[in-house]
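Where a number appears in this text, it was derived from the coordinates with a stated rule and is not lab data. Since we're looking at a predicted model, the values are computed, not measured. Glycine gets a Cβ as well: all are built from the backbone with ideal geometry, and neighbour counts include every protein chain shown.
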Amino acid sequence: MGNKKHVLRNINSESSFKSIDGAEISSLLELADSFARMSDDSYYYHVTEERNDFGNWVRDLFQEHELADSLHRTDSRVEAQATVLKFLVDKLK
């Protein structure tokens, strides 16, 4: 159960992801939800050929390297959302 709890946890406000559109994201579930709400412009502000702020945040704060690597390979908000949701479903089985 510890692993399941880990992927559902909220992190503290100081470490939350602050999106360019003003959203504050504190959990992996909120991250998946935010992809549905943010504009493509906001997404591509954080995801460029050189960096993926979402993947870096997942790696640094949640220590989920596999998910971070998968996010680095995504090309769209929809694909990123599906990647996070699939990860959560797999972890919660």
Quiz item: Could you give the length gained on full extension between THR48 and SER13, defined as 0.36 nm per residue of separation minus the Cα-Cα distance, in nm?
Solution: 10.1 nm
Exercise. Straight distance only, please: which aspartates and glutamates reach the Cα of LYS86 with their own Cα at less than 15 Å, same-chain residues fewer than 8 apart left out?
Key: GLU30, ASP33, GLU64, GLU66, ASP69
Practice problem: Taking every Cα atom in region 34-84, find the radius of gyration and the maximum pairwise distance Dmax, and write them in Å. | Solution: 10.0, 27
Quiz prompt | Residue among ILE20, LEU67, HIS46 farthest towards the positive dipole end of the chain, charges placed on Cβ | solution = LEU67
Quiz item: When only alpha-carbon atoms count, how far does the chain stretch along each of its three principal axes, as whole angstroms with the largest first?
Solution: 37, 26, 22
Quiz prompt | Those residues of region 78-93 whose amide nitrogen sits under 20 Å from the label point placed on HIS65, 7 Å along Cα→Cβ | solution = 84, 87-88, 91
Self-check item: Charge dipole magnitude, Cβ of K and R +1, D and E -1 - the chain, Cα centre, debye nearest 20
Solution: 560 debye
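Give me the percent relative contact order of the chain, please, defined on Cα pairs under 8 angstrom at least 6 residues apart.
Result for the chain is 28 percent.
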